[in-house]
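Peer 1: Before I ask anything, here is the structure I am working with.
The values are calculated or read from the model by the stated rules, or taken from the named source; none is laboratory data. Remember, it's a predicted structure, so these values are computed and weren't measured experimentally. Heads up, the Cβs are rebuilt from the backbone with ideal geometry, glycines too, and the neighbour counts pull from every protein chain shown. Areas reflect the complete protein model, heavy atoms only, side chains present, ligands, DNA and RNA absent. Shrake-Rupley method; radii C 1.70, N 1.55, O 1.52, S 1.80 Å.
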Amino acid sequence: FSKISIVFNEEFPPKEVDFRTAIHKLKATQPDSVLIVLLPPQISIFSKQLKEAHLGVPLYGFSNTETSSEVRAAQGAMEGMIYTGPALTDEFIRRYRERYHGYPELSAGNVYDMIRMIGIAVEHGARDSASITTAIRGLRRFRGALGEYGISEKNDFVPSAELKIIRKGEFERL
């Protein structure tokens, strides 16, 4: 791996929509790439304004990038963006596409798995929030949309992640 240097870092309030001043400062640093850590709809707005500034460097992001409305709103400015996202199983992707005619978007796998976990807890007799929580904490080898994983001793779920890319306005695995 090569050495990575952060040459520019700026935080924005959640409702910010004009990033031009920050992009001007960013451009002056001559970055090799840009990691976008924003929320929708800021991702598409920032990406469009970055493209208008002709920076022309690779873009990177996180799972919150996986939103088709953001990709459409960016009007091509997010094309080629590489981001990390949940490692969904092939079976979940296939079934999702059959039903919804598209790639599973932001949190689809997480929500699916959480609902299944609650269902398993109820099937085993849990009837209130405390007993459902206890049952979910007992899951050590759960198999769902995010593959096989469980809850850690610190009550964290630890599913796998993978790299994805936006190509022709669609989300693809790398």
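Peer 1: Could we say that MET117 is open to solvent by less than 20 Å² (accessible area, probe 1.4 Å), of a type in the set (A, V, I, L, M), under 30 Å from SER47 (Cα atoms) and in contact with a Phe, Trp or Tyr (Cβ under 8 Å, 6 or more places away or on another chain) here?
Peer 2: So MET117 does not fit the description; no.
Peer 1: Can you pull out every residue in region 35-84 that is modelled with pLDDT under 95, surrounded by 15 or more Cβ atoms within 10 Å (Cβ to Cβ) and among the small types (Gly, Ala, Ser)?
Peer 2: SER63, SER68
Peer 1: OK, next. Scanning region 66-104 for residues that are touching a residue at least 60 places away in the same chain (Cβ under 8 Å) and charged (D, E, K, R), which turns out nearest to LYS51 (Cα to Cα)?
Peer 2: Checking each candidate, the answer is GLU79.
Peer 1: Determine whether region 93-104 contains at least one residue that is closer than 18 Å to LYS168 by Cα, buried (at least 17 other Cβ atoms within 10 Å of the Cβ) and not charged (D, E, K, R).
Peer 2: Yes, some residue in region 93-104 is closer than 18 Å to LYS168 by Cα, buried (at least 17 other Cβ atoms within 10 Å of the Cβ) and not charged (D, E, K, R).
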